[in-house]
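The values are calculated or read from the model by the stated rules, or taken from the named source; none is laboratory data. Being a predicted model, the structure only gives us computed values, none of them experimental. Cβ atoms come from the backbone with ideal geometry, glycine included; neighbour counts cover every protein chain shown. Keep in mind that these areas ignore ligands, DNA and RNA; they rest on the heavy atoms of the full protein, side chains included. Shrake-Rupley method; radii C 1.70, N 1.55, O 1.52, S 1.80 Å.
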Amino acid sequence: PQPGVVTVHEIPRRGPIPSFSPFALKLETFLRMAKIPYQVDHSDKVSKKGKIPWIELDEDVISDSTFCIEYLIKKFAVRLDNHLCEEDKAIARCMWKMIEENTFWATVVQDRTINHIDEFMKICKVPFVTVVLIKLISVPRLKKLMYSHGIGRHSQEEIRHIGQQDLQAISTILGTKPFFLGDSATTVDAVIFGLLANLTHCISEEAWSYKLLKNDLKNLDDFVERMKDIYWPDWNELIEGKPNTNIFCSQDSIDPDAVMDMCNEL
Amino acid sequence: MAAVANQDKDAILMYHFPRASTIPSASPFALKLETYFRMTGVKYESDLTGKFSKKGKIPWVIIDGKEIGDSAFIIDYVNNKYNIDLDKNLSDLDKSIAHCFRKMTEENTFWASISYGRLVDNFPWLLKQLGVPSALTWIAKLIVRRRLLKNMWGHGIGRHNGAEVRSIAEGDIRSISEFLDNKPFFMGDQPTSIDAVMFGFLAELVWFMPPQHWTTKFVTEEHSNIAEYCERMKAKFWPDWEDNLKK
């Protein structure tokens, strides 16, 4: 890792999305929103909490994407959310927590990974042997985690209803605004984008969450495309596996001063 | 305590934990459900023997001969059956905001404050409150607490250390306090369904956390609008609070 530059440790890029982990996608999107230069390391080491992504900056090692963001906000004096009134900050927080502690389980875990595992593996071009292992080991483990969490004790239809209510709620809150809290993007937009982009770009088209976003909650689909256009202009290059030349995400050395000059020009 | 012998056939039979000494229920979900019944005037009777539902959870009810678990599903069912809508004067936007607050409270804050404070830390206190004989403490720790810790690991919150969990809980509770501000009820001048949720949860922090636990001071001193809100809800919907405590 290069001194003075944030290194994001995350799973390798595969599939039609820069990351099929909503947490990694959220973290990278936040770094881009905050204009913090970063490098990625795909060598797959998990943090001591058994979680990925995690970040390193010089001597600091931070695990859990939310703690990473809180750290980065302090370290780089990020002002994305400063203009928000206390009530809006509170609304942002409850959406954030709902998306990650509830909606995530019903949509990404149950709908995408458990219910439509074959298509998900196909989209991500996972080799046959790995698919077999995933079905034998990871899927039962996910079901156990969902049972522990509580949500896994419900029927399929109840889980779908739970997820649908959450997505309907954020669709209503977004309304016709470009971003969740107004005209400018704030941290919670990165959080929600991380999840929703995975439900519109990296999932079976038979999944109920995909259909809901594409057919009924169109403002959420439009939000994903908007965020993608602004913060991921290199989306196609990344998913095609081309060498990354984006200033925010390079495996070559980065000159932080050069990056800041470019940011100031943007 | 025995189950109610002559049940009023119109009353819903609610299964939940025995009364605690400082609060009608140790479970924020049971307290929410009971408060909701009181807010809507729906008749209910309690079976306080602590029987768990088929999904392994409490509270649960029997309505129309059916067992229904999960406080949220029970509320939906009752709303449909009796044509009740506590939220009819809320805009769709306000309903959506209330929904997000409910989910944060039940899926995140609950684990980080109540579960953590009573199960991970201070477990013997909880057992004593629930009347578990001290001879059984070791087995309760081995079996019940271990399972609950496993649940928390599965959920994700169990992977953080105590300081991290506290900062998560503080952030959530602070948001609740900021949003509530000086309004009489969570969404405004009138009580709505989110008030059952919020009271069910916040009352636990005010009245039933281990002695000296940081949450109680947090909601009674640093964010005192929360304690004041709980007093208001208690006065309005639980005038018989004292009669519903363990003697």
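Here are a few things to note about the model shown:
- Shown for chain A: the carbon plus sulfur share of the solvent-accessible area, taken with all protein chains present and a 1.4 angstrom probe, equals 53%.
- Isotropically averaged projected area of region A:17-139, using the convex hull of Cα atoms (one quarter of hull area), nm²: 9.1
- Two-decimal ratio, chain A, of alpha-carbon radius of gyration to 2.2 N^0.38 Å: 0.99
- Positive-end residue, region A:1-87 charge dipole about Cα centroid, Cβ charges, pick of A:ALA77, A:PRO12, A:TYR38: A:PRO12
- Accessible area of region B:124-211 divided out per residue, in Å², using a probe of 1.4 angstrom: 44
- Sites B:GLU242 and A:GLU205 - FRET efficiency at Förster radius 51 Å, r taken between beta-carbons, to 0.05: 0.30
- Loop-exposed trypsin sites (Lys or Arg not before Pro) per DSSP, neighbour cap 11 Cβ within 10 angstrom, longest uninterrupted part of chain A: A:126-266
- A Cβ-based charge dipole, computed about the Cα centre of chain A with Lys and Arg at +1 and Asp and Glu at -1, lands at about 1020 debye.
- Using every pair of distinct Cα positions in region B:36-188, the Kirkwood expression returns a hydrodynamic radius of 18.3 angstrom.
- Restricting the calculation to Cα atoms, every distinct pair contributes to the Kirkwood radius of the protein assembly as shown, found to be 24.4 Å.
- Scattering profile of region A:188-236 at q = 0.13, 0.26 Å⁻¹ [log10 I(q)/I(0), Debye over alpha-carbon scatterers]: -0.27, -0.99
- Interface burial for A against B (accessible surface, 1.4 Å probe, total of both chains, Å², rounded to 100): 3100
- Karplus-derived HN-Hα couplings along region B:53-68 (A = 6.51, B = -1.76, C = 1.60, θ = phi - 60°), whole Hz, x at Gly and Pro: 6, 4, 7, x, 10, 9, x, 8, 9, 10, 10, 6, x, 10, 8, 10
- Accessible surface of region B:54-133 [probe 1.4 Å, protein heavy atoms]: carbon and sulfur percent: 50
- Set B:LYS32/B:LYS234; B:LYS95/B:LYS183; A:LYS89/A:LYS177; A:LYS51/B:LYS55 screened for pairs whose C-alpha atoms are more than 20 Å apart: A:LYS51/B:LYS55
- Residue mean of other protein chain beta carbons inside 10 Å, A:127-137: 0
- Within region A:90-117, the residues that become at least 10 Å² less accessible when every protein chain is included than when their own chain is isolated (1.4 Å probe; DNA, RNA and ligands ignored) are A:ALA90, A:ILE91, A:ARG93, A:CYS94, A:LYS97, A:MET98, A:GLU101, A:ASN102, A:TRP105.
- Summed over the residues of chain A and divided among them, the accessible surface reaches 44 Å² per residue at a probe radius of 1.4 Å.
- Rounded to the nearest 500, the helix-only mean residue ellipticity at 222 nm of chain B stands at -13500 deg cm²/dmol, with each DSSP H run of n ≥ 4 adding -39,500 (n - 2.57).
- Sites B:LEU13 and B:ASN161 - FRET efficiency at Förster radius 30 Å, r taken between beta-carbons, to 0.05: 0.10
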